[in-house]
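Remarks on the structure that follows.
The values are calculated or read from the model by the stated rules, or taken from the named source; none is laboratory data. Values in this document were obtained by computation on a predicted structure and should not be read as measured data. All Cβ positions, even for glycine, are placed from backbone atoms using ideal geometry, and neighbour counts span all protein chains on display.
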Amino acid sequence: MLNNKDLKEMDIVEVISLLQLFEQNGLNIIINGGWGVDALLEKQTRPHKDLDIVLDHNDIPKLRKLLKMRGYKEVQRDDTRECNFVLEDDKGHEIDVHSYAFDPAGNNVFGVSYPLESLTGMGKINGRLVKCITPEWMVKFHSGYELDENDYRDVLALCQRFGISIPNEYEQFKNKK
């Protein structure tokens, strides 16, 4: 039997509500992860357990305050860091937060080591224009960990849509089809 933890989903209604909250409060949010893939494809392709967001580390206190007012609390995990943590509300909506800091020359000096050019993508969620990771970097970021079918479907769709070569580490999935 499934318990409530197994049924978690970051649905489109919560995503749009969060995007509006961030925009109204001047937070420059960049979408990553599964919702980032869907933004680039301009359609929701599957359910998502969380919303991955990227932002300047200086905006973390403001983000935490806004989300605390909405009932989000930090989830304790082994991989929690100052620049990468998860917040969850009582409905099971999860936000996976990734932060960075660049010096005036555009060098990443703190946090998740995003290349500056990776943060310049644009996509759409439910017709709403959003900032997201670029397609090329989204494909590159889908590597270096244990891959699953969702990763393969996401990368395949991005590669087909944007004319990107499928990385070699996805060969295991191509052969299963």
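Overview of results
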read-out	value
Lys49 being under 27 Å from Asn150 (Cβ atoms) and in contact with a Lys or Arg (Cβ under 6 Å, 6 or more places away or on another chain)	yes
Search result, residues across region 88-119 that are touching a strand residue (DSSP E or B) at 6+ places or on another chain (Cβ under 8 Å), closer than 11 Å to Ile30 by Cβ and of a type outside the set (A, V, I, L, M, F, W, C)	His98, Ser99, Tyr100, Tyr114
Qualifying residue in region 84-93 (condition: within 21 Å of Ser143 (Cα to Cα), aromatic (Phe, Trp, Tyr) and either touching a residue at least 40 places away in the same chain (Cβ under 8 Å) or exposed (fewer than 12 other Cβ atoms within 10 Å of the Cβ) (or both))	no
Matching entry among Asp96, Asp90, Asp154 (being touching a Gly at 6+ places or on another chain (Cβ under 8 Å) and in a loop (DSSP other than H, G, I, E, B))	Asp90
Residue check, Tyr170 modelled with pLDDT under 95 and buried (at least 17 other Cβ atoms within 10 Å of the Cβ)	yes
Boolean, Asp103 is closer than 30 Å to Phe173 by Cβ and charged (D, E, K, R)	no
Residue count, region 19-63 (criterion: outside any loop (DSSP other than H, G, I, E, B) and either free of Cβ contacts under 8 Å to residues at least 12 places away in the same chain or within 26 Å of Ala157 (Cβ to Cβ) (or both))	24
Filtered residues of region 127-151 (kept if outside any helix (DSSP H, G or I) and of a type in the set (S, T, N, Q))	Thr134, Ser143
Flag if Arg77 is within 20 Å of Lys8 (Cβ to Cβ) and either out of contact with any helix residue (DSSP H, G or I) (no Cβ under 8 Å at 6 or more places or on another chain) or modelled with pLDDT under 95 (or both)	yes
Residues located in region 99-140, provided they are among the aromatic types (Phe, Trp, Tyr) and either touching a Gly at 6+ places or on another chain (Cβ under 8 Å) or crowded, with 19+ Cβ neighbours inside 10 Å (or both)	Tyr100, Tyr114, Trp137
Residues that are more than 13 Å from the chain's Cα centre (by Cα) and hydrophobic (A, V, I, L, M, F, W, C), drawn from region 24-57	Leu27, Leu41
